[in-house]
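**Student:** My structure is below; once you've seen it, I'll send some questions.
FYI, it's all coordinate maths here, none of it is from the lab. What you see is a predicted model; the values in this text were computed from it and never measured. For neighbour counting, all protein chains shown are included, and Cβ atoms are generated from backbone atoms with ideal geometry for every residue, glycine included.
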Amino acid sequence: MIPILPEVLVEYQSEIWESIVESSIMVGFSVLAALLVGLPIGTFLFLCRKGQLLENRLVFSSLNLLVNIIRSFPFLLLVIFMIPFTRFVMGTAIGTAAATLPMMVIAIAHYSRLVEQSLLDVPKGVIQAAVSMGASVKDIIFKFLYVESRSALVLSMTTSTISFISYSTIMGVVGGGGIGDFAIRYGYLQYRTDLMVYIIIIIVIFVQIIQYSGITLARKIDKR
Amino acid sequence: MISLQNVTKRYGAFKAIQSISLNIKPGEIHGIIGSSGAGKSTLLRMMNLLEKPDDGDVIINNKKINHLKGKEIRNIRQSLGMIFQGFHLVGNKTVFDNVAVSLEIAKIAKKNRTERVMESLRFVGLEAYKDKYPRQLSGGQKQRVAIARAIVNNPSVLLCDEPTSSLDPTTTMEILEVLKQINQQLNVTIIIVSHEMEVIRSLSERVTVMEDGQIYEVVEIEPTGVNKSKKGAATFVEQLKSGGDSNPS
């Protein structure tokens, strides 16, 4: 074993690895949901706004309200509120897989709002030029909006991922496990404060790596 | 060519354009001048339906286009180039990609794009800048890229919305020279909106003077030509001595 590791980490290493994998599953699926569903919803929200290409007051207001409601929920209450739905979809409301569903829901709402705000920063003139070139909505999204806002989208995803890590720490309430749940069960509840502190340090390191990677990538792809 | 027949545009109760009829002749350089709020940009933007008229017709090549939708409008727009005061380049694309995007939109095969993009960049004198990003260019160079983007699809008409308003006098002359070459060498009809009399006078053969959303008069003139001999400070001195741009307002 690596001699520099504190004894307590060595003692619980298999449980720690297991909880890291659980957190990775929950956060990973949340990131995937944010990208595959949150990105299109955020884009659609932007396009349906007043003065934009697909301006539609009813669609915008409905979608905007839905995103706001989901984001307004205290996350713990959202998890509990969603238990019947989670059971219906996943067949169970307990465990890592079941915990992933509410995480995905909040991830979609969270990222879609950040996407909408990122796209608002694209100069209107760029969209106007695209329209004057005969671009379709699909062209405008993929050849102009995403290209021009790509660093903001990466930074938004970085912020979201860090929030998802934070959300995942309370998934122990439905047996989701994860690194945060491990810190509470083994560190706090068993009076192993040293273990809890080490786990917090591990989480901080993870967050620093994600933040640094996000900022570096965003800076690299920003040519404006 | 382009013909507007009794077009009207309202924003709420405000009439930005009031029943205007105007015919643009093929191959001409047509200037539109007027003070701020006269409706000149709105009139120009109606020609490619960036603004749809509330009444009247926009006719291009004997075809009414203002009732067209979706793909048909997009096809019409692809045959009309447009440049703007603010250039509106994509900051995250290179000069080459900013020009190439116009061909991508028109679904031109990838193998044919490079040659056409380079041809356009050569025309505006920016061949060597193809790998630069817009932030690395001066205002005049950015407008040249926008021009290259607008002409790469071989448009029959180039709409210019205040193309030199944010440029210094020397760069303005350079851009006007490029526009003149586009008209003469590529046989592209040019419609240019400006509030700068010098700009309109140096290029246009016919000028529509606008006031309060209406045509005040259409005047035929002999273009004074672009003065290429004066550069830098000499241009400023000349403008100061001649009283600068005379604005119709």
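**Student:** Suppose the chain between residue B:11 and residue B:79 were pulled fully straight at 0.36 nm per residue; how much longer would it get relative to their current alpha carbon spacing? Write down the numbers at each step before the final one.
**Tutor:** Numbers: separation 68, 0.36 × 68 = 24.48 nm, distance 2.78 nm.
Gain on extension, residue B:11 to residue B:79, equals 21.7 nm.
**Student:** Using a 10 Å cut-off on Cβ atoms, rank the peptides A:137-145, A:22-30, A:213-221 from the highest mean neighbour count down. Working shown, then result.
**Tutor:** Values: A:137-145: 18.6, A:22-30: 22.4, A:213-221: 14.0.
Output ranking for A:137-145, A:22-30, A:213-221: A:22-30, A:137-145, A:213-221.
**Student:** With r as the distance between the Cβ atoms of residue B:221 and residue B:64 and R0 = 30 Å, compute the FRET efficiency 1/(1 + (r/R0)^6) and round to 0.05. Don't skip to the end; give the middle numbers.
**Tutor:** Working: r = 30 Å, r/R0 = 1.02.
So the FRET efficiency works out to roughly 0.50.
**Student:** Give me the one-decimal nm value for the distance between modelled label points at residue A:200 and residue A:216, 7 Å along each residue's Cα-to-Cβ direction.
**Tutor:** 2.7
**Student:** Now for a separate question. How large is log10 of I(q)/I(0) for region B:153-222 at q = 0.14, 0.19 Å⁻¹ when the intensity is taken from the Debye formula with one equal scatterer per alpha-carbon?
**Tutor:** -0.45, -0.81
**Student:** Let me ask another. Could you quote the convex hull projected area for the protein assembly as shown, Cα atoms only and averaged over all directions, in nm²? List each step's numbers first, then the result.
**Tutor:** On the way: hull surface 119.2 nm².
Taking the Cα atoms of the protein assembly as shown, their convex hull projects to 29.8 nm² on average.
**Student:** Next question. Taking amide hydrogens as modeled 1.01 Å from N in the peptide plane, which residues meet the under 5 Å criterion relative to residue B:2, leaving out close sequence neighbours?
**Tutor:** Close amide H contacts, sequence-distant or interchain: B:24, B:61.
**Student:** Exceeding 28 Å between C-alpha atoms, which entries from my cross-link table qualify? They are A:143/B:142; A:124/B:130; B:25/B:69; A:124/B:107; B:69/B:130.
**Tutor:** On the way: A:143/B:142 19 Å; A:124/B:130 25 Å; B:25/B:69 26 Å; A:124/B:107 24 Å; B:69/B:130 35 Å.
Where the Cα-Cα span goes over 28 Å, the pairs concerned are B:69/B:130.
**Student:** If you don't mind, there's one more thing I want to ask. Given the DSSP H assignment, sum -39500 (n - 2.57) over each helix run of at least 4 residues in the protein assembly as shown and divide by its residue total; what's the result at 222 nm in deg cm²/dmol, nearest 500? Can you show the working numbers first?
**Tutor:** On the way: 19 runs with 240 residues, N = 473.
Value at 222 nm, helices only, nearest 500: -16000 deg cm²/dmol.
**Student:** Right, another one. Report, as an integer, the average count of C-beta atoms from other chains found within 10 Å of each Cβ along B:87-96.
**Tutor:** Working: counts 3, 10, 6, 12, 8, 11, 6, 1, 0, 0.
Mean shielding by partner chains, rounded to a whole number: 6.
**Student:** Now a separate question. What whole-number distance in Å separates the alpha-carbon centres of region B:84-139 and region A:1-74?
**Tutor:** Between the Cα centres of region B:84-139 and region A:1-74 lies a distance of 37 Å.
**Student:** If you don't mind, there's one more thing I want to ask. What helices in chain A pass both tests, a Cα length along the helix axis of 27 Å or more and a mean Kyte hydropathy of 0.5 or higher, using whole DSSP H runs? Please report the intermediate quantities before stating the final value.
**Tutor:** Details: long enough: A:13-33 (30 Å, 0.81); A:96-120 (36 Å, 0.99); A:193-221 (42 Å, 1.64).
Answer set is A:13-33, A:96-120, A:193-221.
**Student:** Aspartates and glutamates within cross-link reach of residue B:93: Cα-Cα under 14 Å, excluding same-chain residues under 8 positions apart?
**Tutor:** Partners within reach: A:148, A:222, B:104, B:131.
**Student:** Using a 10 Å cut-off on Cβ atoms, rank the peptides B:96-102, A:204-210 from the highest mean neighbour count down.
**Tutor:** Values: B:96-102: 24.6, A:204-210: 13.1.
Peptide ranking by packing, descending: B:96-102, A:204-210.
**Student:** Averaged across the residues of A:119-131, what count of C-beta atoms belonging to other chains lies within 10 Å of each residue's C-beta?
**Tutor:** Details: counts 0, 0, 0, 2, 5, 2, 6, 6, 1, 7, 14, 5, 7.
Averaged over the peptide's residues, the number is 4.
**Student:** Mind jotting down a quarter of the surface of the convex hull over the alpha carbons of region A:7-221, in square nanometres, one decimal?
**Tutor:** Mean projected area of the Cα convex hull: 13.4 nm².
**Student:** Mind giving me the nanometre distance, one decimal, between the label points for residue B:36 and residue B:111, set 7 Å out from Cα along Cα→Cβ?
**Tutor:** About 5.3 nm, to one decimal.
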